[in-house]
Structures are given as C-alpha cells and as structure tokens.
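Okay, so here's the structure we're looking at.
The values are calculated or read from the model by the stated rules, or taken from the named source; none is laboratory data. Treat the numbers as computed from the prediction; the structure is a model and nothing was measured. Please note: Cβ atoms are built from the backbone with ideal geometry, for glycine as well, and neighbour counts cover all protein chains shown. These accessible areas exclude ligands, DNA and RNA; they are computed on the full protein's heavy atoms, side chains included. Shrake-Rupley method; radii C 1.70, N 1.55, O 1.52, S 1.80 Å.
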Amino acid sequence: MFLVKKKTEFYDLFIQSADYFHKGALIINEVMRDYSDADEKMRVITDLEHAADDINDKIIDKLNHTFITPIDREDIYAIANGLDDGVDFLQGTLQRTIMYRIKEIRPTALKMSELLIEATVEIKEAFSLLHKLQHREKKILEHTANVCKIESRGDKLYREEVARLFSSEHDPVEIIKWKDILEYLEDTLDHCETVADIIRGVVMKYA
C-alpha cells in the first residue's frame, strides 16, 4: 500500500492543484453573476492562490528529493507551474474587475467565465486519469481536445465582444476597462489550452 501511494503522490498533488484552478474559475463566475461581493471574493481567491502556491512548492520539493519520477522531471515541473499560473491568471482577472469598479457586468464576460468552468472541469478530469495513462489514453485526449474546443469558443466570444465594444460603447474609459478584463479572461482560457497541451504531450510520450 505504501509503494502504491508513493507512485501516485505526484498525480495526487496535480489533482489538488487542478482543483484549485477549477475553484478559482467558480469564484470568477460568481463575481460575474453578482458583483456586489467582489471584494470578499478577492479575499477568497487570494487564499486560494496561496494554497495553490503551497501545492506547487510541495511538488517542486518532492521533485528535488525523488530520484526516480513517474514521468520526466521537466514534465512534472511544467505541469506544476502551469496549474499554479492558472490560478494567478484568475486572480489577475478579479483584481482588474475590482480595480476598475465595474458598474455592470457584460453578458459576454459571464459567458467566458462559464467557459472557464467547463475548461477547468476537463483539466481536472484529465489529471484524475493521468496515473492510468497507458490504459486511459483515449479518454485523457478527449478531455484535452474538449479544452481546445472551449478555448476556440472563448476566442470567438472575445473577438465579437471587443468589436461590439468599439462600435457601441461611447465612453473610452469603459472601452479600456472592459478590453483589459476580456483580454485577461481570454488569456486564462488560452492558458487552459496550454495546460491541456502539456497533458497531451505527456500522454504521447508515455502511452
């Protein structure tokens, strides 16, 4: 039992980190639904970011003290930092939403936050299967493919909303605010695809 647990410790930490990424997406979505308690949500996501940092530190520390790793060391390092950076992106999105004192949430921002929930669910599912990648290769790749499809939908929403901003919004300050927030939402979705690409690379290498 000890040996089995030892073999899955990295994967268990990946799952924890992916869960923090998903929880961060849920927080962003809550703010996009109800901006009134954004300041409180900022405190929650800050705590989440610290917890994600702790998991990342655990992974790196374990990497430094493990002679034989289940997958290549550079892949473990890339996964750890990729998931941790995802929470940072979400925190940055919320920081901008609060900093700009948004008067009203744009519907497209809400839709993009919903896509972030979808994407992080797929990432969580992929990581839950990674320790069985030789037997679950197809399913893992389905999850990573879904992330790419979600990112494409987000990219389309982003382009359409920015075009709408410049054509219908007359206040240049509002344009600047929302373009920045939307850009951060899109960057976070892009980052979900980056994490999915890392997973795909691991599967291709070891399946």
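Before moving on, here are some points about what is shown:
- Overall form of segment 128-188 per C-alpha gyration tensor (a/c, 1.5; a/b vs b/c): prolate
- Taking a ≥ b ≥ c as the square roots of the eigenvalues of the alpha carbon gyration tensor, segment 40-128 is prolate, as a/c is not under 1.5 and a/b beats b/c.
- Electrostatic dipole magnitude of the chain [Cβ: Lys, Arg +1; Asp, Glu -1; Cα centre; debye, to 20]: 720 debye
- Cα pair distances in segment 1-80, grouped into 10 Å bins until the bin that holds the longest one, percent each: 17, 40, 24, 14, 5
- Rounded to 0.05, the FRET efficiency of the LYS156 and HIS65 pair, given R0 = 41 Å and the Cβ-Cβ distance, is 0.35.
- Accessible surface, per residue, of the chain when the full set of protein chains is kept, probe 1.4 Å, Å²: 51 Å²
- Candidates ASP85, ASP190, ASP61, ranked by Gaussian network fluctuation over the chain, Cα under 10 Å, top entry: ASP61
- Rounded to two decimals, the Cα radius of gyration of the chain over 2.2 N^0.38 Å is 1.09.
- CD proxy at 222 nm, helix term only [per DSSP H run n ≥ 4: -39500 (n - 2.57); per residue of the chain; nearest 500]: -31500 deg cm²/dmol
- Over 21 Å (Cα to Cα) - which of LYS23/LYS124; LYS41/LYS62; LYS156/LYS177 fall in this group: LYS41/LYS62
- Global geometry of segment 76-190, whether rounded, prolate or oblate, following the gyration tensor of its Cα atoms and the 1.5 cut on a/c: prolate
- Summarising the label geometry, the points placed 7 Å from Cα in the beta-carbon direction at ALA51 and ASP88 lie 2.0 nm from one another.
- Candidates per trypsin sites (Lys or Arg not before Pro) in segment 70-176, loop by DSSP, up to 14 other Cβ within 10 Å: ARG101, LYS103
- Spatially, segment 95-113 and segment 29-51 are offset by 12 Å when compared through their Cα centroids.
- Dipole of segment 50-207, positive direction: furthest Cα of PRO70, LEU133, LEU182, with charges on the beta-carbon: LEU133
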